[in-house]
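So the structure is just underneath, and the comments pick up after that.
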Amino acid sequence: MQLVMHKLLKAAAFAVSGIAINAPVHAQAQTTWPGSSTIKVVVPFTAGGASDVLTRLLSERLQGKLGGSWVIDNKTGAGGNIGMEIVKNSVPDGATIGSATIGTLSINQYLFSKLSYDPVRDYEYVSKIWENCNVLVVSPKNPAHNVKEFLDWAKQQPKGVSFGSAGVGTTPHLAGEMFRTRTGIQALHIPYRGAAQSMPALMTGETDFAIDNIASYTPLIKANKVRALAVTCPERWPTMPDVPTMSEAGVKDFVVTSWGAFVLPKGVPQPIVNKLAAAIAELAKDPALREKYLETGAILKPTTPKETAEFAEQERTKWKEVVRVSGAKLD
């Protein structure tokens with residue numbers, strides 16, 4: 001009996017010592033992350049798009065700052081849902097990062113009757129990465145040169161006016177619906193199969209206005225192929241200082257920003273979350289990187305993990321109502 005107890009006590013002591021040895025090793029792994037690991041950054045959209053380009057810019061800098069091998073993995077489909085599901089189901093060890101957006105974190109749950117992930121419970125929020133806004137544009141043929149003139153003109157049209165977007169449920173579609181309800185104009189949404197169709201439709205006057213991505217429309221504005229009436233940012237956009245905000249133009253409480261954020265699978269150790277967030281905040285101080293983001297039509301705008309989660313929740317509150325009013329559904 002004594003021999004059995006001795007063996008049990010010895011085994012227990014060995015187990016405890018193992019825990020004591022492994023705990024520092026585990027903590028050290030979190031501190032040294034990413035080490036020489038390969039870090040996969042899942043972009044839920046196609047290569048060459050805004051989200052992809054902006055993610056690559058930051059990932060390249062993070063590789064230089066933190067080490068490891070950073071690889072972009074484009075997993076497209078279902079409005080970004082497929083890529084987000086892959087991130088959700090990944091091992092929570094910091095080796096997989098999700099490059100999420102306003103759509104995947106704050107809009108899709110209202111557009112799809114069933115979502116394969118929960119944007120609140122399935123992720124560790126790290127940092128907001130970038131932000132850009134939309135611009136209210138009209139055809140050069142339109143008589144309006146400011147928002148008031150456009151609204152006066154729109155209300156005089158017997159059949160109302162129309163606005164185009166690259167598809168149902170996109171932020172340009174929902175921004176147009178918000179504009180319609182906030183201003184009281186009669187406006188019909190015309191969805192196109194992408195910007196390659198919606199932009200020419202506006203230039204020729206087939207549609208009357210658009211509230212679309214500022215990066216996409218900047219070349220057309222500079223070439224006088226469309227006319228900018230207002231931006232949907234809280235402040236004037238740096239590259240368009242002469243274009244007023246919606247608030248300055250008389251449409252109050254109308255802020256529409258597109259944004260991206262890094263998330264990790266739920267359960268990733270907090271030291272890794274904090275280390276990644278701190279690295280992003282540090283890189284964002286670099287004027288050269290900020291300038292590169294501005295050149296692509298976005299502002300580099302990091303936030304703490306807590307601020308990121310709170311911001312995404314605020315956006316859900318706003319877009320839930322906009323989607324409801326629009327009646328938009330994607331399934």
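Quick rundown of the values:
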{"read-out": "Qualifying residue in region 301-322 (condition: surrounded by 16 or more Cβ atoms within 10 Å (Cβ to Cβ), closer than 30 Å to His189 by Cα, touching a residue at least 60 places away in the same chain (Cβ under 8 Å) and of a type in the set (Gly, Ala, Ser))", "value": "yes"}
{"read-out": "The listed residue being over 30 Å from Arg180 (Cβ atoms) and out of contact with any helix residue (DSSP H, G or I) (no Cβ under 8 Å at 6 or more places or on another chain), out of Lys285, Lys266", "value": "Lys285"}
{"read-out": "Subset of region 59-79 that is in a helix (DSSP H, G or I) and at pLDDT 95 or above - its residue that is nearest to Gly169 (Cα to Cα)", "value": "Ser59"}
{"read-out": "Selected residue (criterion: farthest from Glu60 (Cα to Cα)) from residues of region 271-294 that are free of Cβ contacts under 8 Å to residues at least 40 places away in the same chain and not in a loop (DSSP other than H, G, I, E, B)", "value": "Asn274"}
{"read-out": "Any chance Gly48 is out of contact with any helix residue (DSSP H, G or I) (no Cβ under 8 Å at 6 or more places or on another chain), farther than 17 Å from Trp130 by Cβ, assigned by TED's automatic domain parsing to the domain that holds Lys88 and modelled with pLDDT of 50 or more", "value": "no"}
{"read-out": "Yes/no for Asp286 being modelled with pLDDT under 95 and charged (D, E, K, R)", "value": "no"}
{"read-out": "Filter pass, Ile107 being of a type in the set (Val, Ile, Thr), touching a Pro at 6+ places or on another chain (Cβ under 9 Å) and touching a residue at least 60 places away in the same chain (Cβ under 8 Å)", "value": "no"}
{"read-out": "Helices (runs of 4 or more DSSP H) contained entirely in region 148-232, each with at least 3 residues that are among the small types (Gly, Ala, Ser)", "value": "195-203"}
{"read-out": "Among the residues listed as Val126, Val135, Val120, the single one being in a loop (DSSP other than H, G, I, E, B) and of a type in the set (A, V, I, L, M)", "value": "Val120"}
{"read-out": "Condition met for Thr96 (touching a Ser or Thr at 6+ places or on another chain (Cβ under 6 Å), in the same structural domain as Glu313 (by TED's automatic domain parsing) and at pLDDT below 95)", "value": "no"}
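The values are calculated or read from the model by the stated rules, or taken from the named source; none is laboratory data. All figures in this text were calculated on a predicted structure; none of them were measured in a lab. Glycine gets a Cβ as well: all are built from the backbone with ideal geometry, and neighbour counts include every protein chain shown.
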